[in-house]
Amino acid sequence: MAKSKSRGRPPAKDSKPDFAAAEAFVWQASPEAFLPVAHVNRQPLSLLKGIDRVRDLLVENTERFARGLPANNALLWGARGMGKSSLVKAAHAAVNAQTRQSSGELKLVEIHREDIESLPALMSVLRGARDRFIVFCDDLSFDADDTSYKSLKAVLEGGIEGRPDNVILYATSNRRHMMAREMVENERATAINPGEAVEEKVSLSDRFGLWLGFHRCSQDEYLAMVEGYVAYFRIPLKGEALTREALEWATTRGARSGRVAWQFVQDIAGRLGVRLRGA
């Protein structure tokens, strides 16, 4: 029997990704692929309350990048549930709507935390693409024995090639230095040279040119978030009744944040039979 002519040949390389298929993608590390996202889970920029300063800074940075001007990688860090990832997605949508016609479409590519080691491979694909890309990693942090952060450091500034001109990195983290405080203190206490032991990991956050801090919101800011959602989705509840229920909800959760406000709005909308369009 004749042997198959294809036997022994290396597999054919995948064709170039079709970035025209969507405005957002999820990077799949193995096998390498860009999975298009038909509907991005995000809220309009106008609904993000209590973060005006960091919102304006990130939008301005994103606008510059979309127009081909110098811009910084951004680290959004701080309190949980205060809209870090929501801001990245909302800023992408807002800037894309403004600059699409004049500067081309801005793409959003999400890379999962566990795939950070594949970041150089991702960059090599994007480097040759015509579009401009925000590479986004949500909830980025590293454990004591985790060395994958070195791939991120090389891409940010340290490698020979560095970050492609058509790519910018946005990451969110609950930790300013992306490692737990006890890890920093432990390495300082046990290392032969405490300063160098910590510097290797802590210096990673220094390679993000834009640091945006998110802090716990006040009661007034929390209520403003709730009222913004209620007005936008036309939920028939307002005044003292809305305030009372919103505060009671926050009390049961033991926190006030944008996430808690959104969870309350989902609950009240469900009870009143209101569909949250676009949510």
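Of the residues making up the range 267-279, those that are over 25 Å from the mean Cα position of the chain (by Cα), under 14 Å from Tyr229 (Cβ atoms) and open to solvent by 70 Å² or more (accessible area, probe 1.4 Å) number 2. Taking (1) over 17 Å from the mean Cα position of the chain (by Cα); (2) modelled with pLDDT of 90 or more; (3) within 22 Å of Asn41 (Cβ to Cβ) in turn, His92 satisfies each apart from (1).
Only one of the numbered conditions (1) within 25 Å of the chain's Cα centre (by Cα); (2) open to solvent by less than 30 Å² (accessible area, probe 1.4 Å); (3) at pLDDT 90 or above is violated by Phe208, and that is (3). Candidates are the residues of the range 40-54 that are under 16 Å from the mean Cα position of the chain (by Cα) and closer than 11 Å to Leu212 by Cβ; the one that is modelled with the lowest pLDDT is Ile51. Listed by first and then second residue, the pairs with beta-carbon distance under 8 Å, at least 6 apart or on different chains, first residue in the range 254-279 and within 18 Å of His215 (Cβ to Cβ) and at pLDDT 90 or above, second open to solvent by 30 Å² or more (accessible area, probe 1.4 Å) and assigned to a helix (DSSP H, G or I), are Arg256/Gln219; Arg256/Glu221; Gly258/Ser86; Val260/Trp249; Val260/Arg253.
Restrict the check to the range 110-119 and report whether at least one residue is open to solvent by 10 Å² or more (accessible area, probe 1.4 Å), in a strand (DSSP E or B) and closer than 23 Å to Lys153 by Cβ. Taking every residue of the range 110-119 in turn, at least one turns out to be open to solvent by 10 Å² or more (accessible area, probe 1.4 Å), in a strand (DSSP E or B) and closer than 23 Å to Lys153 by Cβ.
To keep it simple, each residue is scored yes or no on (1) touching a residue at least 24 places away in the same chain (Cβ under 8 Å); (2) closer than 25 Å to Ala20 by Cβ.
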position: Gly83; (1), (2): yes, no
position: Thr99; (1), (2): yes, yes
position: Glu117; (1), (2): yes, no
position: Ser124; (1), (2): no, yes
position: Arg132; (1), (2): yes, yes
position: Leu140; (1), (2): yes, no
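Considering only residues in the range 40-57 that are in a helix (DSSP H, G or I) and touching a helix residue (DSSP H, G or I) at 6+ places or on another chain (Cβ under 8 Å), the one that is most open to solvent (accessible area, probe 1.4 Å) turns out to be Ser46. Of all residues in the range 1-31, exactly one satisfies the criterion of being modelled with pLDDT under 80, closer than 21 Å to Ser124 by Cα and either among the hydroxyl-bearing types (Ser, Thr, Tyr) or touching a helix residue (DSSP H, G or I) at 6+ places or on another chain (Cβ under 6 Å) (or both), namely Ser15.
Mind listing just one residue for me: the one in the range 58-72 that is over 14 Å from the mean Cα position of the chain (by Cα) and in a helix (DSSP H, G or I) and, of those, surrounded by the most Cβ atoms within 10 Å (Cβ to Cβ)? If you could, list the steps in order and put the result at the bottom.
To start, the set of residues in the range 58-72 that are over 14 Å from the mean Cα position of the chain (by Cα) comprises 60-61, 63-72.
Add one more test, that the residue is in a helix (DSSP H, G or I), and what stays is 60-61, 63-66.
Numbers: Glu60: 14, Asn61: 23, Glu63: 18, Arg64: 15, Phe65: 25, Ala66: 23.
Ranking the qualifying residues of the range 58-72, first place goes to Phe65.
The sole residue among Leu75, Leu126 that is in a helix (DSSP H, G or I), in contact with a strand residue (DSSP E or B) (Cβ under 8 Å, 6 or more places away or on another chain) and open to solvent by less than 10 Å² (accessible area, probe 1.4 Å) is Leu126.
So that you can scan it fast, the table gives a plain yes or no per residue for (1) closer than 22 Å to Leu87 by Cα; (2) open to solvent by 50 Å² or more (accessible area, probe 1.4 Å); (3) in a loop (DSSP other than H, G, I, E, B):
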position: Ile235; (1), (2), (3): no, no, yes
position: Glu240; (1), (2), (3): no, yes, no
position: Glu248; (1), (2), (3): no, yes, no
position: Thr251; (1), (2), (3): no, yes, no
position: Arg256; (1), (2), (3): yes, yes, yes
position: Arg259; (1), (2), (3): yes, yes, no
position: Val265; (1), (2), (3): yes, no, no
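Just checking, how many residues over the range 55-75 are within 14 Å of Gly209 (Cβ to Cβ) and in contact (Cβ under 8 Å) with a residue 40 or more places away in the chain? Walk me through how you get there before you give the answer.
Residues of the range 55-75 that are within 14 Å of Gly209 (Cβ to Cβ), as a first pass: 57-58, 60-62, 64-65, 69-75.
Remaining after also requiring in contact (Cβ under 8 Å) with a residue 40 or more places away in the chain: 57-58, 61-62, 65, 71-75.
Selection size over the range 55-75: 10.
The values are calculated or read from the model by the stated rules, or taken from the named source; none is laboratory data. Bear in mind the structure is a predicted one, so any value in this text is a computation, not a measurement. When we count neighbours, we look across all protein chains shown, and the Cβ atoms used for this are built from the backbone with ideal geometry, even at glycine. SASA here: full protein model, heavy atoms, side chains in, ligands and nucleic acids out. Shrake-Rupley method; radii C 1.70, N 1.55, O 1.52, S 1.80 Å.
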